[in-house]
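Report on the structure given below.
The values are calculated or read from the model by the stated rules, or taken from the named source; none is laboratory data. Predicted, not measured: the structure shown is a model, and the values here were computed from it. Cβ coordinates were reconstructed from backbone atoms using ideal geometry, including for glycine residues, and neighbour counts include every protein chain displayed.
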Amino acid sequence: MALTGAGISVESGIPPFRGKGGLWETIDPMEYAHINAFQRDPAKVWRVLIRNMKEVLDRADPNEAHRALAWMEKQNLLQAVITQNVDGLHQCAGSTDVIEFHGNFAWQRCIKCNARMATAAVDLCRLPPRCRCGGILRPECIFFGELIPPQCLRRAEQLSAHCDVMLVIGTSASVYPAASMPFIANQNGATVIEINPERTALSGKVSDFLIAGNAGPVMKALVKTIVERL
């Protein structure tokens, strides 16, 4: 299993939400990323938050780390990816079993008729953009104030409890319930391997190993080692 966070996508040009240099340093998430804020003034949320996110994601491509996980899945070495990201880059890289705790920004959904549209195809000439039926489009990601889909949480817990190894890549594992997955894996006898530039709350307590470094180069080296030993 793999658990991924914002750090795996930074090398694709996607800034994190939290921490130094994160999006929440520049805007108030309760004012622009809460479901109540969207319902109250969708044009404002589109103008300040969603439009900028779309422009960033339109330019983003999967990096070495995303491609490495997709390769591991094809080799039957990786069962699934649990991700806190909404960028859809795991799927773009070729991963087919991705549990998205916070949804996916690659798609928009009409709040009136429930029709879907690729975010890349949304016309930003009018904000908020609308469906053909006249309904407002919203991203298929989880706003603050909304719940993680219970089926995603249940499956993530089940897979974490039965995996042999969990890779924790590009996340501080401080946001729950995603942060509980390494604990579940550890408690059920799995080896937990962190791939992060710095130590986290998991280091030396829950994780068995910390490979210090950026996700792309480390995962590329990991794949090379696996290939040599196959």
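Per-residue answers, yes or no, for (1) closer than 26 Å to Arg67 by Cα; (2) buried (at least 17 other Cβ atoms within 10 Å of the Cβ):
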{"site": "Glu157", "(1), (2)": "yes, no"}
{"site": "Thr171", "(1), (2)": "yes, yes"}
{"site": "Pro177", "(1), (2)": "yes, no"}
{"site": "Gln187", "(1), (2)": "no, no"}
{"site": "Pro197", "(1), (2)": "yes, no"}
{"site": "Asp208", "(1), (2)": "yes, no"}
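Quickly run through segment 212-230 and pick out the residues that are of a type in the set (A, V, I, L, M) and either surrounded by 18 or more Cβ atoms within 10 Å (Cβ to Cβ) or part of a helix (DSSP H, G or I) (or both). Explain how you work it out, then say what you get.
Kept after step one, since they are of a type in the set (A, V, I, L, M), are these residues of segment 212-230: 212, 215, 218-219, 221-223, 226-227, 230.
Answer for segment 212-230, where residues must be of a type in the set (A, V, I, L, M) and either surrounded by 18 or more Cβ atoms within 10 Å (Cβ to Cβ) or part of a helix (DSSP H, G or I) (or both): Ala215, Val218, Met219, Ala221, Leu222, Val223, Ile226, Val227.
Within segment 81-125, the set of residues being over 9 Å from the mean Cα position of the chain (by Cα) and among the hydroxyl-bearing types (Ser, Thr, Tyr) comprises Ser95, Thr96, Thr119. Among the residues of segment 170-191, none qualifies, meaning not one is at pLDDT 95 or above, in a strand (DSSP E or B) and under 15 Å from Gln84 (Cβ atoms).
Kindly establish whether Ser172 is over 30 Å from Gln39 (Cα atoms), of a type in the set (Gly, Ala, Ser) and touching a residue at least 40 places away in the same chain (Cβ under 8 Å). If you could, list the steps in order and put the result at the bottom.
On the way: over 30 Å from Gln39 (Cα atoms): yes; of a type in the set (Gly, Ala, Ser): yes; touching a residue at least 40 places away in the same chain (Cβ under 8 Å): yes.
Against the criterion (over 30 Å from Gln39 (Cα atoms), of a type in the set (Gly, Ala, Ser) and touching a residue at least 40 places away in the same chain (Cβ under 8 Å)), Ser172 qualifies.
Scanning segment 33-61 for residues that are small (Gly, Ala, Ser) and part of a helix (DSSP H, G or I) yields Ala37, Ala43. Counting the residues of segment 65-94 that are closer than 20 Å to Met166 by Cβ, in contact with a helix residue (DSSP H, G or I) (Cβ under 9 Å, 6 or more places away or on another chain) and not aliphatic (A, V, I, L, M) gives 9.
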